[in-house]
Amino acid sequence: MRVRAWRRHMVPYLLIAPAIVYLALFFAYPMYEGLVLAVYDEDAVLPVRAEPTLDSAEVAEIPQGGALLILDRQSQAMIDDDGATDLLTEQWFRVSGTGDTGAAVDGWVSEARIRVRSEDAAGNPLAGTVRPRLGQSADPLTDVHAEPNDRSGVVGRLEQRAPVEITEVAVLEVWFLVRPADDPGEAAGWAPSRYLQVFDDGERGRVHRGTAGEFTTAFIERMVDDRFFGPALRTTLLIMALLIPLQLVLALVMALVIHARIRLSSGFLYVFALPIGMSDLAVGILFFSIFTGNGLLNSVLDGLGIIDGPFAFLTAETTNWIIFAIVLAELWRATSIVMVILVAGLQAIPDETLEAAELFGAGYWQRVRHIMLPLLRPSIQVALILRTILAFQVFAVVIALSGGDVVTVLANESFRQYYDLRNDNVASAYALFILLLSIASAVFYLRSVRAESEVRPT
Amino acid sequence: MAEIRLEHVTKSFGDKVAVHDASLTIADREFLVLLGPSGCGKTTLLRAIAGLGMADSGRIAIGGRDVTYLPPGRRQISMVFQSYAIFPHMTVRDNIGFGLLMNKVDKAEISRRVNSAAELLHIEDLLDRRPSAMSGGQRQRVAVARALAMEAKVLLMDEPLSNLDALLRLEMRAELKRLLADVEATTVYVTHDQIEALSMGDRVAVMRDGEIQQCDAPNTVYESPSNRFVGSFIGNPPMNFLDGTIRRSNGGVVAAVAHHEFSPAAEVRPLIEGLRGDRVTLGIRAENMETLTDPGPDTVPARVEVVEPLGAQNLLTVQVGGRLMKVSTHPTLPVAVGDGLHIRFPADQIRWIDPATDKVLYTR
Amino acid sequence: MSSTAPADPPAQADAPATLPPLDSPEVVEMHRRMRRRAGRGRRLTYVAAVLIAAWILLPIYFVFSMAFTTQETVRSYPKNVLPFIPFSADTMQFFLESEGVLRGLWNSIVVAVITLVLSTVISIPAGYAIARYLFRGRDLFRLSVLAVRAFPIVVLSIPLAVLFLRAGVFDSVYSLALMHTALALPTSILVISSVFASVPYELEEAGQVFGATPFQSFRYIVVPLVLPGIAASGLFSFVLSWNEVFAAAVLTIDNRTLPALVLTSLSYSPDAFQFAGSFFLMVPSIVFMFFIRRYLFNMWGQVSK
């Protein structure tokens, strides 16, 4: 390859910019999101505050779902509404009338203290009367505040049933002073209603939703505790253990056949490479058509008189047959790509090198063992990494052959968590697990090969 | 005892005949060079001897054993490849010992032979290194050592020096010649480089279009080519060829070339008289003509067209009766383009060629 | 005289054994036997080649004949596999008339075409940059593209689904095409860069020496030479998108592509439906393999470099 000499201008960066932006947007960012989904619960805890305002200090954090004792309530101007649905609100009215001292009073009173007597056409309150308080000990007077909340100064007091004009309406959110129910020693703090669920008695409740995220292993624990996790992992590893050695041997044979440059070699290469472009789902169905009750295999076995009547290969009682069919399907589908990698590796070995070995007395299998295999080592390494990573993703073949229940694999569980159970976090935890296994196996292959070559003198 | 005998060996690739009816006997311990332009079939013939490309027909016998269709590993031969074909994943020691290991030679003997081959090539200190970091010259030595360690009766070499740069090639050529003189093997050496061929071979077989044109000692091939092709292929500059007409006059025969008559030497005369047509071609090497500033009794006038000083000699392109030819002169002879010269053709240096067959009529 | 080509070489005195004449029956017979033995490995290779070809082709043949037969034949047992399964368009007709199939086919085509165009358009400049310029970060870029290629689709699909849902572009063929482009891009970039690298830069320089602008020499010299390779990489993107099932099933609900439709209906669809579906899923890849066979090693062989 001829490469232009180093240039100071930005042309190459401009050329790769679209690809980088695209991959960042649709590869790196989702990858990061996936990681976050698996280990980060974005509404895990609710901070509670010293005062019922968002700018006051946090005094404690209560985890999502935590039981609460409600100590007090207060209304506060509505904090920015982020589409919260279940908030508890309260209206305050700005009223003007005559106070208990006979002076004119103008200020704010909670809707709980005012009975609206008249409204305009749009339903806005215009005038009302102060509600009487029930009970002997109750204060017969109602405080009028300077601002629409309890904490502001009292500007005057109204007699019960005093008529007032309503000049302004404010909608406030209720805040609660809460303390964790199971831990009375914990400091109490204020939290707005939208994050809480208040029980009927008005004295207890629970944290409905947190506002602060928290790293958590909860999703990973749920994945590990899932009853399908063990079987899925075991089956995935079993399929790999059976498949990869078989695949390597078959791919090597195919590559050697192509490399022998027999007549029609390019035709054979085309046929051998056919499965590379094939959909895993289609191949799953293809092997289903062979192994199903009235499929090809039974028809042939029956025709040869080996069995008498169809044998059910793909049932819950014959999971070994299902796994066998999956391995066979994957062997059929994914060996070709290993073959292409190996053929490319063989083509990189000069003819004279093999001829030299032959001339110096190496028979065919000796040439394979002493010359081709050692020189194919990098290709084999790449093929192994690729195949192992892909083997962790076996998915559609499994569904096509087993329905996804009887025999399950990791990718299928990720799909099930997302699709059937609607649990993005656990689904992402599975995805993350697959990613970690892939990276670990790649590192393992790279390491083991390097370690071996370090032993030899260079 | 490893005489190599080729009988009517023919090999084609599809429609293309690479080697046609080659027959040749290479004596035990002889050093034979197969020389020819690229595509002449010399490598194909070597590979047929090696067994790397089986002949279509004919017979190849080594030491009296018919090996025509024997796999290469069973022919008891050894070879140095053009690209050296060093096994890149093995140390030099394993490379040299590979053939012995494959032939189940015991360990002590392998180690002895590997060491002595390495010593011979002065690569003892490379034995435990990998070829990847080695220079072309070092690899070449490994390839030769690997071939020699086999101690085979037949040693084949396929353009072993062609991948070296010019200086190294010169050095290696001499060293190989010294080395192979001590090796008791029949050697077949393929090259397209005539200097290599002439300087190294006991005999040189010149090939063209799949056929062996001539197989003789280097001097003979040079002095006395068997046909026009050999004369033109060997030697730098190639032999000059002048087309002439035969004139038969009372009791004698002469060839007329550009108003000048050449009389054949006595031993050639009957052969020319026997020619059927009246055309003949004269061949003469550039260094075999005498260049004179003054006309003599049997000189031909010529005009200098190009002067190429080459150091030890000047190479002139001169025009003789409308034909161009190359003449070498001593650098002290003062000539310039456009000068007139007089050239004398010694009768014993003229090769007479039948234009119908391109064969030289008389060879010593 | 020269010793060229003696017709019948005289037996040399020091030859250890004299061989019988070349045309004697024993020599002819021995040569015939030896040639047969030398060709034994070659014949074994042919046997292996034919066996492997059968292993690849027979299942394809079977499922294709299942896709073009009557539904009775699909249900029947035992089937008479040889010589032929009766041909009929019945299964295919049933499949195409099933609900959602034509729409799924159309969706698949739309997604695959968008993927092809988008990935090619983005890959051409990036591939050209890798092949032609030496710039800081070039190796890093190449390596990350290589690494990205091996990433599991599963890992990408679920967060993307969540993100698309959040952005309100969920269940759309266009957002699925965006995802498929991300999957196709790494391979596409590497293949196109190897295609550009195979056109010597001297050709472009020669164009410029003879008076073309850099763009003209790209347009008239490089483009015609790389067009087949770029077409191959585009086909690759098309087939990748056509086949992709995990992301398609995760990212769509009503706008199913064909594989997503077949996958999610596996548990209740009749066999005939599945077989015909698998036929449709396979056909593009067979065509694709035919057109890209020259580029097979560009695409997958050079992974190791």
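Summed over the range C:258-284, residues that are facing chain A (nearest Cβ under 8 Å) and among the aliphatic types (A, V, I, L, M) total 5.
For the range B:326-349, the count of residues that are at pLDDT below 90, surrounded by 13 or more Cβ atoms within 10 Å (Cβ to Cβ), within 24 Å of the chain's Cα centre (by Cα) and not acidic (Asp, Glu) is nonzero. Scanning the range A:333-349 for residues that are surrounded by fewer than 22 Cβ atoms within 10 Å (Cβ to Cβ) and either touching a residue at least 40 places away in the same chain (Cβ under 8 Å) or more than 9 Å from chain C (Cβ to nearest Cβ) (or both) turns up A:LEU346, A:GLN347, A:ILE349. Could you list, in sequence order, all residues of the range C:207-220 that are surrounded by 16 or more Cβ atoms within 10 Å (Cβ to Cβ) and either more than 19 Å from C:GLY127 (Cβ to Cβ) or touching an Asp or Glu at 6+ places or on another chain (Cβ under 6 Å) (or both)? Correct list: C:GLY207, C:ALA212, C:SER217.
Screening B:THR245 with (1) among the polar types (S, T, N, Q); (2) within 30 Å of B:ALA149 (Cα to Cα); (3) surrounded by fewer than 22 Cβ atoms within 10 Å (Cβ to Cβ); (4) in contact with a strand residue (DSSP E or B) (Cβ under 6 Å, 6 or more places away or on another chain) gives one miss only, at (2). Within the range B:114-135, restricting attention to residues that are part of a helix (DSSP H, G or I) and crowded, with 19+ Cβ neighbours inside 10 Å, the residue that is farthest from the other protein chains (Cβ to nearest Cβ) is B:ALA118. Counting the residues of the range A:371-387 that are closer than 19 Å to A:PHE433 by Cα and within 10 Å of another protein chain (Cβ to nearest Cβ) gives 2.
Step by step: first the residues of the range A:212-260, then only those that are charged (D, E, K, R) and part of a helix (DSSP H, G or I), then the one that is surrounded by the fewest Cβ atoms within 10 Å (Cβ to Cβ). Which residue is that? Going through the qualifying residues, I end up with A:ASP225.
One line per residue, one yes/no per condition, for (1) surrounded by 17 or more Cβ atoms within 10 Å (Cβ to Cβ); (2) facing chain C (nearest Cβ under 8 Å):
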{"site": "A:LEU269", "(1), (2)": "yes, yes"}
{"site": "A:LEU286", "(1), (2)": "yes, yes"}
{"site": "A:ALA312", "(1), (2)": "no, no"}
{"site": "A:THR315", "(1), (2)": "no, no"}
{"site": "A:ILE322", "(1), (2)": "yes, no"}
{"site": "A:LEU331", "(1), (2)": "yes, no"}
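When the range A:350-381 is filtered for residues that are of a type in the set (Val, Ile, Thr), within 20 Å of C:ARG42 (Cβ to Cβ) and surrounded by 19 or more Cβ atoms within 10 Å (Cβ to Cβ), only A:ILE371 remains. Whenever a residue of the range B:2-13 is not assigned by TED's automatic domain parsing to the domain that holds B:GLY41, it has no partner that is surrounded by fewer than 21 Cβ atoms within 10 Å (Cβ to Cβ) and among the aromatic types (Phe, Trp, Tyr) lying with C-beta atoms less than 8 angstrom away and at least six residues away or across chains.
Total residues in the range B:57-113 satisfying the condition of being within 12 Å of chain A (Cβ to nearest Cβ) and among the β-branched types (Val, Ile, Thr): the figure is 7.
Whether a residue is in contact with a strand residue (DSSP E or B) (Cβ under 9 Å, 6 or more places away or on another chain), surrounded by 14 or more Cβ atoms within 10 Å (Cβ to Cβ) and modelled with pLDDT under 90 was assessed, and B:VAL268 passes this test. Those strands (runs of 3 or more DSSP E) of the range B:272-343 in which at least 3 residues are of a type outside the set (A, V, I, L, M, F, W, C) and within 30 Å of B:ARG248 (Cβ to Cβ), considering only elements entirely within it, cover B:279-284.
When the range B:48-86 is limited to residues that are free of Cβ contacts under 8 Å to residues at least 24 places away in the same chain and of a type in the set (Lys, Arg), the one that is nearest to B:ILE212 (Cα to Cα) turns out to be B:ARG65. Could we say that A:ARG209 is in the same structural domain as A:PRO63 (by TED's automatic domain parsing), in contact (Cβ under 8 Å) with a residue 60 or more places away in the chain, of a type in the set (Lys, Arg) and surrounded by 19 or more Cβ atoms within 10 Å (Cβ to Cβ) here? When the stated conditions are applied, A:ARG209 does not pass them.
The values are calculated or read from the model by the stated rules, or taken from the named source; none is laboratory data. The structure displayed is predicted, hence computed values, not measured ones. For neighbour counting, all protein chains shown are included, and Cβ atoms are generated from backbone atoms with ideal geometry for every residue, glycine included.
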